[in-house]
Structure formats: structure tokens, C-alpha cells
Amino acid sequence: MSVLPDPSTLVSGLDPMKPAAAVINHLLAREPWARDTLMAHAGKVACIDTGVMQLRLKVTGDGYLQDVPADTLANVTIRLKLSDLPLIAANRERAVSYVKLEGDADFANAISQLSQKLRWDAEDDLARVLGDVAATRVVAGARQLVDAARTTRRSASRSRWAAVRNRRARSASRVGSPDAATPATVAARPARWR
């Protein structure tokens, strides 16, 4: 007889989307204008469907959100691919181009506006735990890490394309190769490949 619970029952009971309402409510608590926007849609349910999982949130009378059961009828459904989340996070102004909206147009518009304007003030939240100076340094360090990652990604992308161009140039210049460089093939290449 095992003392440990059956792992399959643990995984089936976990819902990775459950904390979403708490996180969004944390942002809403700091922004009265956002709660006012949502209060106009009190009682309505939004469904965020990633294809893999769904999150259903109901707008309460005070402009906050609460989880509702999966079988609750949604007033608006927002369909998005999990693979598009990094693109949406990187450019929230273009987020609408990555999602498909169905249902109540006014409610969908309100959600779209909130998704573009609500911002997490990480420094303020960290200052409560770490103090002002430490929070400022942590956030500045995180920004530097993100910037370094972007720079590295761009540099790696450029290096890959340079390697491809060099490989093509080497293979095309081999004597006897069917792709051997001739005056006609050199002239036909884009200038950046010459």
C-alpha cells in the first residue's frame, strides 16, 4: 500500500489557468478606470480558448473577474494559439491580429482596450517585499536581461543568414559543380550575395 497519492489524480485536478483571475484582479485593483469599464459588462462571461485549454471569467458587479465553470455560456470567445502568446506579449497593440473574437462586440472591444492599456507595475509590487532601492535594481536588471536576449536573438539570426549565404557561395564556386559560378549566374544573384 502506497502512502503517496496516485499522480494521475493530481494532474487531472490541476488547472494551470486558475490563477489568471487573481492576476488580472491584481491589475484591476490598481486601475479604477479599468474596473469602471468592466462594470458596464457585469454578469457577462468571457472565454479565452487556446485550443488546448479554456479559461472562463465572469465580470462581477464591482468590475473584478471571477472563475466560472467550463460549461458556462460565454458572451464573447477569444480564440488564440499558444504559439502566438510571445508575439502578443511583444506587441500588445497588434494583439487583435493574432486572435479571433466571437460574440458580443462591445464586450470584446472593452476587453481589447483593457488588454492594451493595463500594465503590471513590477517595481511597485517588488518594492513592498524588497524595498524601493532593491526593487528598482531588480527591475533594471530584468530589463537589461530582456534587452540582451533580444540583441542575442537578432545577432544569431544575422549569423545564420550569413552562414547560409557563405555556404551557397562556396558550393556555387566549386569547379565542375553544376552550380558553378558563371558570369551569368553571378549577375543574376542579388547584390547582397555577391
### Task
Within the range 50-66, work out how many residues are under 22 Å from the mean Cα position of the chain (by Cα), of a type in the set (D, E, K, R) and either modelled with pLDDT under 90 or surrounded by fewer than 17 Cβ atoms within 10 Å (Cβ to Cβ) (or both).
0
### Task
Could you list, in sequence order, all residues of the range 40-59 that are in contact with a helix residue (DSSP H, G or I) (Cβ under 9 Å, 6 or more places away or on another chain), in a loop (DSSP other than H, G, I, E, B) and under 15 Å from residue 114 (Cβ atoms)?
40, 41, 44
### Residues within the range 75-109 that are of a type in the set (Gly, Ala, Ser) and either under 25 Å from residue 143 (Cα atoms) or in contact with an Asp or Glu (Cβ under 9 Å, 6 or more places away or on another chain) (or both), tallied
5
### Message
So, in the range 25-49, exactly how many residues are at pLDDT below 90 and touching a Phe, Trp or Tyr at 6+ places or on another chain (Cβ under 7 Å)?
### Response
3
### Task
Filter the range 67-113 down to residues that are acidic (Asp, Glu) and part of a strand (DSSP E or B) and give me whichever is surrounded by the most Cβ atoms within 10 Å (Cβ to Cβ).
67
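The values are calculated or read from the model by the stated rules, or taken from the named source; none is laboratory data. Bear in mind the structure is a predicted one, so any value in this text is a computation, not a measurement. Cβ sites come from the backbone with ideal geometry, for glycine too, and all protein chains shown count toward neighbours.
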